[in-house]
Structures are given as structure tokens and as C-alpha cells.
1. Would you work out the Kirkwood radius for the chain? I mean one over the mean of 1/r across all pairs of different Cα atoms, in Å.
2. Between residue 62 and residue 32, what FRET efficiency follows from the Cβ-Cβ distance if R0 is 35 Å, with the result rounded to 0.05?
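What follows is calculated from the coordinates using simple rules that are stated; it is not laboratory data. In this text, all values refer to a predicted model and were calculated from it rather than measured experimentally. Cβ placement follows ideal geometry from the backbone for every residue including glycine, while neighbour counts extend to all protein chains displayed.
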Amino acid sequence: MEITDVSNVSAGLFVTGVIFILAIGSFLSLGVLRFFQQRKGQGGTYLALSALSLVAMIWIVNTWFA
């Protein structure tokens with residue numbers, strides 16, 4: 001078993017990742033919940049926000065932490 005060394009990860013990158021992962025997970029779970037509640041418009045909106053958050057996270061990490 002190998003252990004990954006995360007000592008070179010900055011605090012800013014860690015906090016950014018945590019915030020975006022929480023946002024993406026929240027929007028995704030709310031979107032699935034709304035679809036099960038037969039609220040397709042809200043479900044689609046939350047899933048789109050989840051995808052938009054993922055794209056924003058990738059852009060921010062590539063721009064500021066590369």
C-alpha cells in the first residue's frame with residue numbers, strides 16, 4: 001500500500017477544493033432530490049449549477065494554483 005504525500009498542498013488550494021466539493025455535492029444531491037419529487041425544472045437547475053460549479057473549480061484551480 002502506498003501513502004500519498006500531501007505536504008506540498010497549500011492551505012488556499014485545500015480550502016478552495018473543500019468549498020467547491022461541498023457546493024458541487026450539495027447541488028447534485030438537491031438536483032436528484034428535486035427529480036424524485038417530480039420538480040423537473042428545479043432539478044435541472046440544480047444539476048446545471050453543479051456542473052457550473054465543477055467547471056468553475058477546474059478553471060480557478062488551473063488559473064490560480066497551477
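1. Result for the chain, one decimal place: 13.3 Å.
2. 0.80
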